[in-house]
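First up is the structure itself, then whatever we jot down about it.
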Amino acid sequence: MEWKRAKDWLIGAVGMVLALGVALVVLWWAASDPANGNEAEPVPSPTQGTGRPTDAVPPDGLREDEVWLADLDLDAGTVMTAGSLLHDVRAVGQDVVSRPEGLVAGRLTVDATVPFEVVAQELGGGSVIRAADGGQATVVRTVEALGRELRVTATGTVDVEEGRLVVDPRSIDIGGPDFLSDATAAVVRRFVTIEHDIEGLPEGLVLQDVVVRVDGFRANLRGEDIELAP
């Protein structure tokens with residue numbers, strides 16, 4: 001319940017930021033005049049100079065109380081809720097409609113970094129996660145197996161499975177003789193396997209890709225018809 005409330009709060013906060021941006025654009029447009037007095041000038045495309053297509057077409061039947069934006073950017077150094085922390089968040093919305101009941105993005109792409117510490121805390125066992133060679137990730141943690149506490153080091157590939165960030169161990173080392181490590185690896189594998197749901201973003205976004213960076217997992221999420229604010 002606490003997580004749901006925090007998630008709802010963040011979605012509302014993101015929506016408020018976007019709504020404020022829309023309001024400022026509308027107010028500036030209404031209050032300002034062309035730079036050359038009353039002389040009419042061509043109205044620039046909303047995507048001009050951004051490197052994006054400039055042939056976007058507003059939806060049919062746009063109401064008087066609605067505002068349409070071909071595209072909208074949002075950058076945040078940190079996005080935090082009670083159960084989630086993201087760094088270097090960049091959201092790009094296209095075909096965004098602001099209406100009294102909220103904001104809806106026809107298409108939304110979000111890039112964000114999930115810090116290693118967030119995933120390590122979820123994994124437990126005093127876990128430490130760091131980047132490894134070849135785009136892999138290493139997990140170091142203490143597990144209890146066969147009646148003993150073992151310090152395990154596991155390195156694995158990073159992938160996306162059913163919308164989750166997954167690190168599947170390819171090598172597991174518990175120290176000691178090789179035969180002991182091999183016999184115990186199967187027992188401790190589940191303790192060093194990561195399956196993480198990225199939270200704190202609007203519902204409907206689906207994880208597409210994950211890469212390992214020095215400061216965390218860089219995730220790319222996309223979705224269509226995403227409600228940015230209730």
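Every read-out reported here was derived from the displayed coordinates using simple, explicitly stated rules and does not represent laboratory data. Please read these numbers as outputs of a predicted model, since none were measured by experiment.
For the pair Asp215 and Glu117, the difference between a 0.36 nm per residue extended length and the Cα-Cα distance amounts to 34.4 nm. Between Thr157 and Asp88, the contour length at 0.36 nm per residue exceeds the Cα-Cα span by 22.5 nm. Across the stretch 92-107, rounded Karplus estimates of 3J(HN,Hα) from the backbone phi angles (6.51 cos²θ - 1.76 cosθ + 1.60, θ = phi - 60°) give 10, x, 10, 6, 9, 10, 9, 9, x, 7, x, 10, 10, 9, x, 9 Hz, Gly and Pro being marked x.
Here the gap between Arg190 and Asp225, fully extended at 0.36 nm per residue and compared with their Cα-Cα distance, gives a gain of 9.0 nm.
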